[in-house]
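Engineer: For reference, the structure I am asking about is given below.
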Amino acid sequence: MQTTLAIAAGLAVVTGIVHSLLGELLIFRHLRQGTVVPALHAPPLRQRNIRIIWATWHLATVFGWAFAVLLAQLALDPNRPLLPLVLHTTVAAYAGAAMLVLIATRGRHPGWIALLAVAALTWLAAAMP
């Protein structure tokens with residue numbers, strides 16, 4: 001096992017947890033009224049602006065965890081073929097990101113379509129011989 005990569009993967013996971021939790025505690029808890037996704041406006045930002053900022057905040061965690069998966073797998077097997085690992089991790093990260101933006105913005109921000117398209121195209125590429 002590659003210890004430095006394993007530690008880096010663990011640190012990436014912890015960083016994502018801390019980033020999302022601190023964002024929720026210090027920023028977004030003041031902008032919600034009993035909902036998961038913040039819905040209150042914070043002038044000069046409108047409700048829709050807050051919703052996409054919330055989703056984007058947590059996208060950093062989703063993509064950070066995707067890198068953590070890659071690092072952890074490489075730590076366990078440094079000689080592992082990278083292409084399938086990278087493709088499957090990319091599909092999971094982009095599909096998760098698409099769902100986050102879709103839910104946060106109630107489908108009103110078109111970013112979820114592009115994120116889902118990247119996931120679908122990558123999934124198709126991974127399935128090709």
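Just so it is clear, none of the values below were taken in a lab; they were calculated from the coordinates. A quick note: this is a predicted structure, and the numbers were derived from the prediction, not measured. Note that each Cβ is placed from the backbone with ideal geometry, even for glycine, and that neighbours are counted across all protein chains shown.
Engineer: Measuring from the lowest to the highest alpha carbon on each principal axis, how far does the range 1-47 reach, largest first, in angstroms?
Structural biologist: Sorted largest first, the three principal extents are 49, 22, 14 Å.
Engineer: In addition: Just from the alpha-carbon atoms, what are the Rg and Dmax of the chain in angstroms?
Structural biologist: 16.9, 52
Engineer: Using just the helices of the chain, give the 222 nm mean residue ellipticity in deg cm²/dmol: DSSP H runs with n ≥ 4 each add -39,500 (n - 2.57), and the total is spread over all residues, rounded to 500.
Structural biologist: -26000 deg cm²/dmol
Engineer: Report the label-to-label distance for Ile52 and Glu24 in nanometres (one decimal), using points 7 Å from each Cα along the Cα→Cβ vector.
Structural biologist: 2.4
Engineer: Evaluate the relative contact order of the chain (contact order divided by residue number), counting alpha-carbon pairs under 8 angstrom at least 6 apart; express in whole percent.
Structural biologist: Worked out over the chain, it gives 27 percent.
Engineer: Dipole magnitude of the chain about its Cα centre, charges +1 at Lys/Arg Cβ and -1 at Asp/Glu Cβ only, in debye to the nearest 20?
Structural biologist: For the chain, the charge dipole is close to 560 debye.
Engineer: Apply the Karplus parameterisation 6.51 cos²θ - 1.76 cosθ + 1.60, with θ equal to phi minus 60°, to every residue of the range 65-72 and state each ³J(HN,Hα) to the nearest whole Hz, in sequence, with x for glycine and proline.
Structural biologist: Here the 3J(HN,Hα) series is 5, 4, 5, 4, 4, 4, 5, 5 Hz.
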